[in-house]
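First comes the structure, then the notes that go with it.
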Amino acid sequence: MNARNKICAALVALLPLGAMTLAVAPAQAQSQRDYERPVIRGFNVDEVRRIAPGVELNFDLYGSPGGMATIRIDGATRNLHLTETQPGQYEGTYTIGEHDRIRPDSPVTANLRVGNLVATDVLAESILRDGARADSHRGDLAVVPKIERFNVRGAEDLRPGDDMTFTVLGTPGAKVSIAIAGTRGVFFLPEVRPGEYSGVYTVRSADRLAPDSQVTATIRSHGRYSTAVLGTPLLAVRTLPVRQDRQCPDCATVAAVNVIEVSGNGGYLGTIGGAVVGGLLGSNVGSGNGRTAAEVAGAVGGAVAGNNIERNARGRNLRYEVVVRYGNGATQTVTYTGDPGLRVGDRVHVNNGNLTRD
């Protein structure tokens, strides 16, 4: 009985370990499914003048970061493994050997593996400079793909990390690539819906872009291709708010109207009142909505006081000073020999020292 009890106890103790072992398998399977499908956004080669032993072929690939990128050249004796020099940017050089049989039209295939998922793309350009792919002459002219529209949603700036969204409308089921002057290589636009190709290009640190850099889109289908050049700048159009004083530099608002007594020789004897004496006082009393109320009350009181002063000032030599304030905060004083008929808050135009009500 004792031995039997010990065996049972040992089996019971092993049960949690078995459960843990069973639980690990689904977790591992789940981790494999968690990988996002890799994407190749650009694939480029520095075209060479000749194909011969010792010539170097430099490849760039842009796509999902953290993957393994390889290049297969038809006629080559080995594959090329690219190095991820920056997140999502892979580079590598293939040196043509004595036993390689690479031709100008040799297909070049790129594979980008992330986890157990692989993205594949074929080089759209020739290895040889000014060379043409062998299949570029095949096909009927009736099926030449066309680009109907090519536009960009520009970036606020052209600094590294800024995004530009390119969109091409054209023949459905084709392959579209974009080449930007000042950048290395081309990048691809996926077909988001039939006949519509759209993708985001992120400015890289090595790019040398200008707002008017030429951008060329190429659409390929059934061995035929056509191109289009972007007709708009790469920078987004900025709509800046226009200040009132820029729209109307001579527009202003009456801030004060002061009645001044002047002596016979033109010297000022002092301010004796005016419709805005109270208005100016009110401006110094309140703030916010309270300030507005104080200005109104002060202006009314000032007008009454001004009328009384006018009646008691008959025979005196009076002048009226109208202080106007522009939209940028600057002020100007305009003098009248008679009542100008202006009050605080009136909007006016200033023209050569004369005020006209707006």
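The values are calculated or read from the model by the stated rules, or taken from the named source; none is laboratory data. The structure displayed is predicted, hence computed values, not measured ones. Cβ placement follows ideal geometry from the backbone for every residue including glycine, while neighbour counts extend to all protein chains displayed. Side chains included, ligands, DNA and RNA excluded: accessible areas come from the protein's heavy atoms. Shrake-Rupley method; radii C 1.70, N 1.55, O 1.52, S 1.80 Å.
Which strands (runs of 3 or more DSSP E) sit wholly inside the stretch 138-212 and have at least 3 residues that are in contact with a helix residue (DSSP H, G or I) (Cβ under 7 Å, 6 or more places away or on another chain)?
none
Just to be sure, is residue 135 at pLDDT below 80, surrounded by fewer than 19 Cβ atoms within 10 Å (Cβ to Cβ) and either more than 30 Å from the chain's Cα centre (by Cα) or not acidic (Asp, Glu) (or both)?
Numbers: at pLDDT below 80: yes; surrounded by fewer than 19 Cβ atoms within 10 Å (Cβ to Cβ): yes; either more than 30 Å from the chain's Cα centre (by Cα) or not acidic (Asp, Glu) (or both): yes.
When the stated conditions are applied, residue 135 passes them.
Could you tell me how many of the residues in the stretch 77-98 are closer than 14 Å to residue 56 by Cα and of a type in the set (Gly, Ala, Ser)?
Here the count works out to 2.
For the stretch 41-99, which strands (runs of 3 or more DSSP E) that fit wholly inside it have 1 or more residues that are under 23 Å from residue 160 (Cα atoms)? Outline the logic, then answer.
Details: elements: 56-63, 68-73, 83-86, 89-95.
Counting at least 1 such residues, we get 56-63, 83-86, 89-95.
Just wondering, is there one or more residues in the stretch 30-53 that are in contact with a Gly (Cβ under 6 Å, 6 or more places away or on another chain), open to solvent by 60 Å² or more (accessible area, probe 1.4 Å), at pLDDT below 90 and of a type in the set (Phe, Trp, Tyr)?
Within the stretch 30-53 (the criterion being in contact with a Gly (Cβ under 6 Å, 6 or more places away or on another chain), open to solvent by 60 Å² or more (accessible area, probe 1.4 Å), at pLDDT below 90 and of a type in the set (Phe, Trp, Tyr)), the answer is yes, since at least one residue qualifies.
Filter the stretch 222-245 down to the residues that are open to solvent by 80 Å² or more (accessible area, probe 1.4 Å), under 17 Å from residue 144 (Cα atoms) and not in a loop (DSSP other than H, G, I, E, B), then identify the one that is modelled with the lowest pLDDT. Working first, answer last.
Taking the stretch 222-245 as the starting set, the residues that turn out to be open to solvent by 80 Å² or more (accessible area, probe 1.4 Å) are 222, 225, 227, 229, 237-244.
From the residues that got through so far, the ones that are under 17 Å from residue 144 (Cα atoms) too are 222, 225, 227.
Among the residues that remain, those that are also not in a loop (DSSP other than H, G, I, E, B) are: 225, 227.
Details: 225: 83, 227: 90.
Looking at residues that are open to solvent by 80 Å² or more (accessible area, probe 1.4 Å), under 17 Å from residue 144 (Cα atoms) and not in a loop (DSSP other than H, G, I, E, B), I get 225.
Can we say residue 113 is modelled with pLDDT of 90 or more, closer than 28 Å to residue 81 by Cβ, open to solvent by 30 Å² or more (accessible area, probe 1.4 Å) and of a type outside the set (Asp, Glu)? Quick ask: steps written out before the conclusion?
Details: modelled with pLDDT of 90 or more: yes; closer than 28 Å to residue 81 by Cβ: yes; open to solvent by 30 Å² or more (accessible area, probe 1.4 Å): yes; of a type outside the set (Asp, Glu): yes.
Yes.
If residue 102 satisfies all but one of (1) open to solvent by less than 50 Å² (accessible area, probe 1.4 Å); (2) at pLDDT 90 or above; (3) outside any loop (DSSP other than H, G, I, E, B), what's the number of the condition it fails?
(3)
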